Amino acid sequence: MSALDSLTLTAIPPEDEALRAPVRAFLAEALKDVPAHVRAKSWSGYDPEFSRKLGKQGWLGITLPPAYGGGGRSAFARYVLVEEFLNWGAPVGSHWIADRQSAPLVLRYGTEAQKQRYVPAICRGESYFCIGMSEPGAGSDLASVRTRATPNEAGWLLNGQKIWTTNAHHCSHMIALVRTSGTTDDRQKGLSQLIVDLKLPGVRVRPITDQSGDAHFCEVFFDNVQLDHDALVGAEGKGWEQVNAELAFERSGPERLFSSIVLFDQWAAWARTPAGRTPEAERLAGRIVCALAPLRAMSVAVTEKLTRGESPLVEAALVKDLGTGVEQLIPAAIADDLFSRPDGSVPLELLHTLDYVTQVAPSFSLRGGTREILRGMIARGLGLR
């Protein structure tokens, strides 16, 4: 059976669908004065106060055990929340990575002390994590990372560099994939994950300004950073297995479908008006909806596998790769539509939103694994290589 055969049509349970109404009411009030071009930033938008409000609602860590401050709900409950957050363009970047993958990783592999220390604060929206994977010269080839943690009497001495680390300049901690033994020739062997307090001496974070003017990607440098013994997450040398389990959470959710959805919704609303409606716009709307619908079904099916405790790496890579294509299609196709109109009477806010999404869209096929790496994984999963 291939990875494609393992995906079955799945319905979100009614008790989880019931979350939509209160979430929509909350977001309608919270975001009523936020313009579309700002909402389009959504999961890169940094707003710790908003994250704390979500924590008070019980909407962070909703799948995590109540003993650690979580909601004890299924992955479908989180799927509904995330889908609504993205559709409304909520600024969720503060807590995004901590809620999505750092807390589940600590709960799965961490010590009891690590669980008690980090997870409740994540559920309250008070602790923010970034992930240290990519490095200069390594990119998506994580097995070639060179950042090294050397054991010593005090714990671990960390040296090296990470790049493309989202929101590192706003985060308190990083979970970093580093080499703790061997050399880069050993590939997956000798890799471990460490929790790094980004306020420690020797840590330097440098934001990278992108072409849209945002600076949510960062370089992070480690110069003889002394970590305690309990910085190690899981077993030494098992980082490759752990990070791949973590990436299934990163690649499978609605965020791999809806990065451009605020733009699409705004354009579609205008295309329903007498000024914006044309046969060409109707065909484009149908094309995009027909692309999104099966991808959403696949994403929900992957979520169902996660609820069973599986690690659907290939299926998640497939959703991410195909979803990225649609995310990048939306701004390009909408630009073609808008600029082909002879009268040029397009709402200014729609143009502002299009401008922003167009500039950030190239990054969609880089974050979470490049298209080339993902397609290699998919080909192996389908038995094609």
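The values are calculated or read from the model by the stated rules, or taken from the named source; none is laboratory data. In this text, all values refer to a predicted model and were calculated from it rather than measured experimentally. Please note: Cβ atoms are built from the backbone with ideal geometry, for glycine as well, and neighbour counts cover all protein chains shown. The protein model used for the area step is the full one, side chains on, heavy atoms only, and it has no ligands, DNA or RNA in it. Shrake-Rupley method; radii C 1.70, N 1.55, O 1.52, S 1.80 Å.
Kirkwood radius, the stretch 289-385, all distinct C-alpha pairs, inverse of mean reciprocal distance: 15.4 Å.
Note that the chain presents 42 Å² accessible area per residue, ligands and nucleic acids not counted, probe 1.4 Å.
Helix 112-123 versus the longest principal axis of the chain: what angle, 0 to 90°, nearest 10, using Cα atoms? Taking Cα atoms only, the helix is inclined about 20 degrees.
Binning all Cα-Cα separations of the chain at 20 Å, short to long from zero, yields these whole-percent fractions: 28, 59, 13, 0.
In whole angstrom, how long is each semi-axis of the equivalent ellipsoid of the stretch 1-74, when you take the square root of 5 times every eigenvalue of its Cα gyration tensor and sort them from largest down?
The answer is 27, 19, 14 Å, longest axis first.
Which angle from 0 to 90°, rounded to the nearest 10, does the C-alpha axis of helix 75-88 make with the longest principal axis of the chain? With both axes taken from Cα atoms, the answer is about 50 degrees. Between the alpha-carbon centres of the stretch 89-109 and the stretch 191-225 there is a gap of 17 Å.
Note on the chain: with a GNM built from Cα contacts shorter than 10 Å, the maximum mean-square fluctuation among A317, A154, A11 falls on A154. Pairs exceeding a 27 Å alpha-carbon distance, out of K41/K305; K115/K199; K162/K238; K53/K238; K238/K320; K41/K320: K41/K305; K53/K238. Principal-axis analysis of the Cα atoms of the chain puts helix 239-252 at an angle of about 10° to the longest axis.
Under 20 Å from a label point set 7 Å out along the Cα-to-Cβ vector of S340, the amide N atoms of the stretch 283-309 belong to 283-292. Classified by the C-alpha gyration tensor, the stretch 201-242 has an oblate form. Its axis ratio a/c, with a ≥ b ≥ c, is 1.5 or above, and a/b does not exceed b/c. Protection proxy ranking, highest mean first, for peptides 50-58, 307-315: 50-58, 307-315, where packing is the per-residue count of other beta-carbon atoms within 10 Å, averaged. Rolling a 1.4 Å probe over the protein heavy atoms leaves F339 with an accessible area of roughly 150 Å².
Computed over the stretch 100-208, the Cα gyration tensor eigenvalues convert (square root of 5λ each) into semi-axes of 22, 17, 14 Å, ordered from largest to smallest.
A convex hull fitted to the Cα coordinates of the stretch 1-133 yields 143 cubic angstrom per residue.
Using a Förster distance of 56 Å, how high is the FRET efficiency between A332 and E153, based on the Cβ-Cβ distance and rounded to 0.05? Computed FRET efficiency for A332 and E153: 0.50. Largest first, the three principal axis extents of the alpha carbons in the stretch 162-321 are 64, 39, 27 Å in whole numbers. Take the Cβ-Cβ distance between E29 and V289 as r, set R0 to 30 Å, and report the resulting FRET efficiency rounded to the nearest 0.05. Once rounded, the FRET efficiency stands at 0.60.
Each of A281, T303, F222 was scored by the projection of its Cα onto the charge dipole of the stretch 192-330, and the greatest displacement toward the positive side belongs to A281; charges sit on the C-beta of Lys, Arg, Asp and Glu. Highest mean packing comes first when the peptides 101-112, 343-354, 165-176, 199-210 are listed by Cβ atoms within 10 Å, giving 165-176, 101-112, 343-354, 199-210. Take every pair of alpha-carbon atoms less than 8 Å apart whose residues are at least six positions apart; their mean separation over the length of the stretch 276-347 yields a relative contact order of 37 percent.
Cysteines of the chain lacking any other cysteine Cβ under 4.7 Å from their own Cβ: C123, C218, C290. Here the accessible area is traced with a 1.4 Å probe on the protein chains. For the stretch 99-226, carbon and sulfur cover 50 percent of it.
Which whole-number percent gives the relative contact order of the chain, counting Cα pairs below 8 Å spaced six or more residues apart? The normalised contact order for the chain reaches 18 percent. Working note: Cα gyration tensor of the stretch 171-211, eigenvalues times five, square-rooted, sorted largest first, giving semi-axes of 25, 15, 9 Å.
For the pair A21 and T111, the difference between a 0.36 nm per residue extended length and the Cα-Cα distance amounts to 28.7 nm.
Extension gain for R380-S311 works out to 23.3 nm (0.36 nm per residue, less the C-alpha to C-alpha distance).
Placing R0 at 45 angstrom, the Cβ-Cβ distance between E372 and H352 gives a FRET efficiency of 0.90 after rounding to 0.05.
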